[in-house]
Amino acid sequence: MGCPGDIVHIANWNMPQGVGRHTNGGNYDDGLYDPVNFRGGAENLKAMIRQIHDDGSLVSLYTIATYLPRASKLGREIGEKVCQIGGNGKPVADATCFFPCLDAWQDCYIAALLKAQRELNADVIYLDCYPFGKWSNACYSKEHGHEVPLNLNRAQHRLLAKLRAKLPSHVAIWGEDPCMDYDCDLMSGNITYYYTTIHEHRARSYDIDDAANRDFYRPLQNIQRYTMPQIKQFGFPCGWVPSGPVVNEVNALFFNGEGTYDCGFMLFDSHYRARLRHWLQIQRALPDCFTSSAPKPLAATAAGEIYANEFSGNNQTAWTLWNGRFSTYRGPVLRVPHVEGAHYYDAWNATPVTLERDGADDILSVAEMAPQGLGCIVQYFGPLPEGLPKESVMESVK
Ligand SMILES: [Zn+2]
């Protein structure tokens, strides 16, 4: 993609010989998450991580707190004790999936993560399925020491708080879904799926008419991106599902200034990857803008069905643009107060912005936005920020 990954996320590293993939490589069949369970041996795993660090990327370890096969060593030891108990007082049928409501289980899991982080020098710990509760989450056990029925939000917060307190402060924690607001001081980020409206693998579709009945294609927004900007969002388009590679809906990740979980061909088809490469280049050139603590959603624009989000950085500002029309757009997109010395660059089309003074304002126009397409305007002072695209997307495809 023309740039190194910021983070290399390692899954399936805890998979001792003889264990299948049925639990995402996240099971505890050999007791605990332990580097010795890496199929290639702990020393090879450590060497690989050193190489990743030498190449300038960070390392994230996949873990999951909610899988514990009954047949596993730990499952045999404490499985029944940690099992979710239904309202009828019996273990939930066929459960290989346990909610971490038991303190003993939480402490066991946390001890394993601390050891793995320490031995592997990992920078990030990933908690798959966090926050939990995708299924019925009430536990009625009177043996677990929690209220009956369980308040899952409280139980998982306790797990997270203990882990955060014990991990070195430079180690980030991220999870699979948006966290509760009262978890947000403890989390660094999460995967997000809000834009995957083409299928319902992760989220229900937006209630929108068929395209034939729609006049416009309004932007897909992620409210957490703006209400908790310190929690970094990484879009994962779930391309492995039969619906296949993604369409324009992933444009939302650029429009909302979010990270991308993966750039592989199973997630982004070849046609789209040129666009993805282009937006990654823009994001990497303006890190202070896209990590801003005060991103502004749906800033005012100068044209109907043209939408903008505003990301102010260190003496520079990026506006990401979304064309809600089913037609190409050329013309004014933003009206901003005139600022002496400010320059404007159309980073999407890789060309200076056409600027027209109107009283106290400047009106900024783009050369072109494709139907349902993206755009980006950068306000800067002095020389053009390094690293921004010098070619438009179509030229990059050649
Ligand atoms: Zn319980």
(1) modelled with pLDDT under 95; (2) open to solvent by less than 10 Å² (accessible area, probe 1.4 Å): which one isn't true of Ala212, the others all being true? (2)
From the list Ala122, Ala165, Ala116, Ala112, which one is away from the ligand (no atom under 12 Å from the Cβ), open to solvent by less than 20 Å² (accessible area, probe 1.4 Å), closer than 16 Å to Ser188 by Cβ and of a type in the set (A, V, I, L, M, F, W, C)? Ala122
Give the residues of segment 373-387 that are closer than 12 Å to Thr320 by Cα and of a type outside the set (S, T, N, Q), sorted by residue number. Gly373, Leu374, Gly375, Cys376, Ile377, Val378
All-but-one check, Thr260 against (1) hydroxyl-bearing (Ser, Thr, Tyr); (2) surrounded by 18 or more Cβ atoms within 10 Å (Cβ to Cβ); (3) modelled with pLDDT under 90, failing number (3)
Going residue by residue through segment 59-66, is there one that turns out to be within 16 Å of the ligand (Cβ to nearest atom), in the same structural domain as Asn190 (by TED's automatic domain parsing) and modelled with pLDDT under 90? yes
Can you go through Tyr195, Tyr130, Tyr182 and tell me which one is assigned to a helix (DSSP H, G or I) and more than 16 Å from the ligand (Cβ to nearest atom)? Tyr182
Of all residues being buried (at least 17 other Cβ atoms within 10 Å of the Cβ), near the ligand (Cβ under 10 Å from one of its atoms) and outside any loop (DSSP other than H, G, I, E, B) in segment 80-103, which is modelled with the highest pLDDT? Just the residue, please. Ile85
Qualifying positions in segment 307-347 - assigned to a loop (DSSP other than H, G, I, E, B) and open to solvent by less than 50 Å² (accessible area, probe 1.4 Å): Gly313, Gln316, Gly324, Gly341, Ala347
State whether one or more residues within segment 137-149 are of a type in the set (A, V, I, L, M), out of contact with any Leu (no Cβ under 6 Å at 6 or more places or on another chain), part of a helix (DSSP H, G or I) and within 14 Å of the ligand (Cβ to nearest atom). no
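The values are calculated or read from the model by the stated rules, or taken from the named source; none is laboratory data. Because the structure is predicted, anything quoted here is derived from the model rather than measured. Cβ: placed from backbone, ideal geometry, glycine included. Neighbour counts: every protein chain shown. To get the accessible areas, we keep the full protein, side chains included, count just its heavy atoms, and leave off ligands, DNA and RNA. Shrake-Rupley method; radii C 1.70, N 1.55, O 1.52, S 1.80 Å.
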